[in-house]
Amino acid sequence: EKNGYEHFMRKEIHEQPQALQETMAGRIDLERGVVVLPEVKIGREELAAIRRIQLVACGTAFHAGMVGKYIFEKLLRIPAEVDLASEYRYRQAIIGPEVLTIVISQSGETADTLAALRLSKTHGSKVLGITNVIGSSVAREADEVILTQAGPEIAVASTKAYTTQLLSLYLLGIYFAQVLGTLDDGLRQQLLAEMYLLPRLLEKTLATETKIKEFAEDFQAKESIFFIGRGLDYPSSMEGALKLKEISYINAQAYAAGELKHGTLALIEEGVPVFALATQPDLYEKMLSNIKEVKAREATVVALVNAGDYETEKSVDYALYIPKTHPFFTPILSVVPLQLFAYHVAKVRGCDVDKPRNLAKSVTVE
Ligand code: F6R
């Protein structure tokens, strides 16, 4: 069942092009330039009455939610918030019919996420669930359900579920924009055309594995690794840090790069590894200066940038490239080298990649 792969995690990382393809299938109509989501029965009037979109999830799904906030605010100009389910349910959040709740859960069984779903419904908020498991509690209890078509995810560390959650959020954001008319037709068609190419671009991104495999052992004895990024690269940094921690047991921290000066820079000294993501053109110059800041303190820097940005290479120790796409979609590609980095570092450290200590695939207890 591992299909010749040594670990489920690596198999699932490599299944992502297909998982994206299947999640997209039947949901975009390129000829008409529209998203087709019959499972989401929210009309224009109902949508126009929404004052806040509230995303709720745990762990990796929470990082997808962070990207979701960005997507909805950009495309709809509706305020969007994202909360950890275990915080949301206990903080007397403001919930009502004017709030659209979106819960994200691969398993559809995470106790805190389910509790947040139920709490939201009790307060009259419509709940839309994004889940990978048909018949799961989230699938049964949410008012509307989008199924990610990632196929069964066996490794404890989530990979293909994450990229399909992201794709589902992009589809939903563009769909809502289409219903509300907040997005210019031409721009929507352009976004959909780019989206259609993502499975193939992700396939190309998997080629970063060769280089990552070569340098993974340089990181095996590190005590701690920092991940930095801005804008859409920030959630990816969070996800990269989580992947590394859970399977390699190396401490990792993610920082919005603008926060470095506010404390973390004190930790940067010779040989401290910094994984810097700089895929957002409007923030590229700022990131470059953050990279120079940590390099000046002799950090060991891995940079993840867009193909074509070859200038970064000169100021870092290792450079990785993702294929060009619309800057809006980069999270789907940029997480792939981060998954592969965590995998290969964990592997050289001899860790049980598929079954990390102390963790369960689905957290059904609090
Ligand atoms: C990390 C990971 C976890 C899950 C989290 C939520 O790799 O897999 O952080 O993302 O436990 O699980 P679901 O999505 O099933 O609610």
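Brief remarks on what is shown
- Residue match in the range 38-56 (condition: away from the ligand (no atom under 16 Å from the Cβ), under 26 Å from Pro327 (Cα atoms) and surrounded by fewer than 21 Cβ atoms within 10 Å (Cβ to Cβ)): yes
- Odd one out for Ala241 among (1) hydrophobic (A, V, I, L, M, F, W, C); (2) within 18 Å of Arg349 (Cα to Cα); (3) in contact (Cβ under 8 Å) with a residue 40 or more places away in the chain: (3)
- Condition check for Phe226 on (1) under 16 Å from the mean Cα position of the chain (by Cα); (2) within 16 Å of Asn290 (Cβ to Cβ): one failure, at (1).
- Taking first residues from the range 299-318 that are surrounded by 21 or more Cβ atoms within 10 Å (Cβ to Cβ) and partners that are at pLDDT below 90, the Cβ contacts under 7 Å between residues at least 6 apart in sequence or on separate chains come to Ala303/Thr312; Val305/Thr312.
- Selection count where residues are away from the ligand (no atom under 15 Å from the Cβ) and within 18 Å of the chain's Cα centre (by Cα), scope the range 238-268: 4
- Any hit, the range 71-85, residues being under 22 Å from Pro327 (Cα atoms), more than 16 Å from the ligand (Cβ to nearest atom), touching a residue at least 60 places away in the same chain (Cβ under 8 Å) and in a loop (DSSP other than H, G, I, E, B): yes
- Hits in the range 263-291 - residues which are modelled with pLDDT of 95 or more and either β-branched (Val, Ile, Thr) or touching a Phe, Trp or Tyr at 6+ places or on another chain (Cβ under 9 Å) (or both): Val272, Pro273, Val274, Phe275, Ala276, Leu277, Ala278, Thr279, Ile291
- Count of residues meeting criterion [more than 15 Å from the chain's Cα centre (by Cα) and surrounded by fewer than 24 Cβ atoms within 10 Å (Cβ to Cβ)] in the range 147-173: 7
- Within the range 205-238, being of a type in the set (A, V, I, L, M, F, W, C), within 23 Å of Gln16 (Cβ to Cβ) and free of Cβ contacts under 8 Å to residues at least 24 places away in the same chain holds for one residue alone: Ala207.
- Identity of the residue in the range 113-124, buried (at least 23 other Cβ atoms within 10 Å of the Cβ) and not hydrophobic (A, V, I, L, M, F, W, C), that ends up nearest to the chain's Cα centre (by Cα): Thr113
- In the range 86-97, the residues that are surrounded by fewer than 20 Cβ atoms within 10 Å (Cβ to Cβ) and either acidic (Asp, Glu) or assigned to a loop (DSSP other than H, G, I, E, B) (or both): Glu87, Tyr90, Arg91, Gln92, Ala93, Ile94, Ile95, Gly96, Pro97
- Test: Val67 is in contact with a helix residue (DSSP H, G or I) (Cβ under 6 Å, 6 or more places away or on another chain), in contact (Cβ under 8 Å) with a residue 40 or more places away in the chain, crowded, with 19+ Cβ neighbours inside 10 Å and over 21 Å from Leu119 (Cβ atoms): yes
- Output for the range 41-65, where each listed residue is among the hydrophobic types (A, V, I, L, M, F, W, C), over 17 Å from the mean Cα position of the chain (by Cα) and part of a strand (DSSP E or B): Ile53
The values are calculated or read from the model by the stated rules, or taken from the named source; none is laboratory data. Quantities reported herein were computed from a predicted structural model and do not represent experimental measurements. Glycine also receives a Cβ, built like all others from the backbone with ideal geometry; neighbour counts cover every protein chain displayed.
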